[in-house]
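Have a look at the structure below, then the notes.
The values are calculated or read from the model by the stated rules, or taken from the named source; none is laboratory data. It should be emphasised that the depicted structure is a prediction, and the values quoted were computed from it without experimental measurement. Cβ placement follows ideal geometry from the backbone for every residue including glycine, while neighbour counts extend to all protein chains displayed.
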Amino acid sequence: MAIIRTENLTHIYSKGTVFAETAVENVSIEIEKGEFVGVIGHTGSGKSTLIQHLNGLLAPTSGRVLIDGEDIWANKKDIRRFRFKVGLVFQYPEYQLFEETVYRDISFGPKNMNLSPAEIDSRVLEAAALVGLGGDILEKSPFELSGGQKRRAAIAGVVAMRPEVLILDEPTAGLDPRGRELILGEIRRIHEKTGTTILLVSHSMEDIARYAGRVLVMNKARVFCYDTVDAVFSRAEELEGMGLSVPQITRVCRELAGMGYDLDPNTYTVEAAKARLLTLLGKGEG
């Protein structure tokens, strides 16, 4: 059974007014438990509106959202339960840090789940370790931390609730290359160690190609495609036609292929390009 399923999901902002705008239209998708899904789309494509439906921050204008087969809006009193199941990390989540210590910030969500003090402590320490925050940092003020550490503390606060689904909206926005690598590496580690279903919203096609197993592409409020990374990036020209970039290595391989080199123009990872180039160089030396 899919952990997430949407059925003809539509959301119209300001419905019934002259300002009405359809942000998501007739979206039906299924995401299996344990998948790592990249979500891409140009600005205004509907991706942010879509993910806010998955834990009930927005209610559908029509259609349904199901988590583990349950319609999350069947009983409005249950919506809080689904928000613990589906954790959402917004862009620049460090702006939501507010407690006196990092420990207390990470523990905020578990406390709202009415867990025992021992269970809360266990979850805080586990989440901090998963995002690479040492015990010495937990008693510091979150405002003493670096930008990357603040970002990891904010993510830990959601991870500590042990959601079945973790959705991250541009989690590396504003970070330097090293910070980006650390955050993405930790997200992958969470996925591998806990089996949590991950949805990663990103403008970086390189990040999506490197970390995701499947890719959901939104375009003009609708699903353009939802498929494996291979299948999606093999449609590079169509992606570029809707204003999306493709990985830089894909552009390089397309240029080289156009010059007559035996390279797949749809190569989307540096590792794959490197392996093929080494093969070609080996042949040339022979």
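Observations on the structure shown:
- Cross-chain or 6+ apart pairs with Cβ under 8 Å, segment 69-85 first and under 14 Å from residue 6 (Cβ atoms) and assigned by TED's automatic domain parsing to the domain that holds residue 57, then part of a loop (DSSP other than H, G, I, E, B) and small (Gly, Ala, Ser): 72/56; 73/56; 73/59; 82/56
- Scanning segment 215-255 for residues that are in contact with a helix residue (DSSP H, G or I) (Cβ under 7 Å, 6 or more places away or on another chain) and either modelled with pLDDT of 95 or more or among the aromatic types (Phe, Trp, Tyr) (or both) gives 215, 217, 218, 225, 233.
- Positions within segment 127-145 being surrounded by fewer than 17 Cβ atoms within 10 Å (Cβ to Cβ) and of a type outside the set (S, T, N, Q), in sequence order: 129, 132, 134, 135, 136, 139, 140, 143, 144
- The lone exception for residue 89 - which of (1) in contact with a Pro (Cβ under 8 Å, 6 or more places away or on another chain); (2) at pLDDT 95 or above; (3) under 28 Å from residue 32 (Cβ atoms) it fails: (2)
- Looking only at residues in segment 146-160 that are modelled with pLDDT under 90 and assigned to a helix (DSSP H, G or I), the one that is surrounded by the most Cβ atoms within 10 Å (Cβ to Cβ) is 148.
- Selection status of residue 43, free of Cβ contacts under 8 Å to residues at least 12 places away in the same chain and either surrounded by 15 or more Cβ atoms within 10 Å (Cβ to Cβ) or assigned to a loop (DSSP other than H, G, I, E, B) (or both): yes
- When the test is whether a residue is surrounded by fewer than 20 Cβ atoms within 10 Å (Cβ to Cβ) and either touching a strand residue (DSSP E or B) at 6+ places or on another chain (Cβ under 8 Å) or farther than 21 Å from residue 49 by Cα (or both), residue 218 does not pass it.
- Any chance residue 268 is surrounded by 19 or more Cβ atoms within 10 Å (Cβ to Cβ) and among the aromatic types (Phe, Trp, Tyr): yes
- Residue among 35, 7, 21, 25 that alone is assigned by TED's automatic domain parsing to the domain that holds residue 226 and loosely packed, with under 15 Cβ neighbours inside 10 Å: 21
- Residue within segment 226-236 that is farther than 18 Å from residue 204 by Cβ and either outside the structural domain of residue 47 (by TED's automatic domain parsing) or of a type in the set (Phe, Trp, Tyr) (or both) present: yes
- Residue that is closer than 30 Å to residue 107 by Cα and either aliphatic (A, V, I, L, M) or out of contact with any Cys (no Cβ under 8 Å at 6 or more places or on another chain) (or both), where the choices are 223, 217, 229, 165: 165
- Summed over segment 88-124, residues that are of a type in the set (S, T, N, Q), in a helix (DSSP H, G or I) and under 25 Å from the mean Cα position of the chain (by Cα) total 3.
- Residue within segment 14-21 that is in contact (Cβ under 8 Å) with a residue 40 or more places away in the chain and assigned to a strand (DSSP E or B) present: no
- Residue within segment 75-87 that is among the β-branched types (Val, Ile, Thr) and in a loop (DSSP other than H, G, I, E, B) present: no
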